Amino acid sequence: MAQEQNYTVSYKIDVEATQGTRQVQDFANAVKSLLIAKNDITPALTNIKNMMSEIDRVFRTKSGKNGIITLK
C-alpha cells in the first residue's frame, strides 16, 4: 500500500519590474499633465467663445445677417 506524505513548501519569487513600473508612472504623469492643461485652457476657450458671440452680436444686422464693414 502506498504511503501518504504531506510536505510544506516555502518559496520566494523576486521579480524585477523597475522598467515597467517607471513606464506606468511616466504614463500617469503624462495623463496628469494633460488634465492640468485641459483645466487651464477650458476657461480661456470659454472666454474666447463668449467674446466671439459678443462680436457677432455687435456686427449682426437686424435681419440677422452679418453686416459688411467697408473702410475708406
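The values are calculated or read from the model by the stated rules, or taken from the named source; none is laboratory data. Treat the numbers as computed from the prediction; the structure is a model and nothing was measured. Cβ sites come from the backbone with ideal geometry, for glycine too, and all protein chains shown count toward neighbours. With ligands, DNA and RNA removed, areas are computed over all heavy atoms of the protein, side chains included. Shrake-Rupley method; radii C 1.70, N 1.55, O 1.52, S 1.80 Å.
At-a-glance table
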{"read-out": "Scope segment 22-32; condition open to solvent by 70 Å² or more (accessible area, probe 1.4 Å) and either in contact (Cβ under 8 Å) with a residue 12 or more places away in the chain or not basic (Lys, Arg) (or both); matching residues", "value": "Gln23, Val24, Gln25, Asp26, Phe27, Asn29"}
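To keep it simple, each residue is scored yes or no on (1) at pLDDT 95 or above; (2) assigned to a helix (DSSP H, G or I); (3) surrounded by 10 or more Cβ atoms within 10 Å (Cβ to Cβ).
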| site | (1), (2), (3) |
| --- | --- |
| Gly20 | no, yes, yes |
| Lys38 | no, yes, yes |
| Thr42 | no, yes, yes |
| Thr46 | no, yes, yes |
| Met51 | no, yes, yes |
| Ile55 | no, yes, yes |
| Val58 | no, yes, no |
| Thr70 | no, no, no |
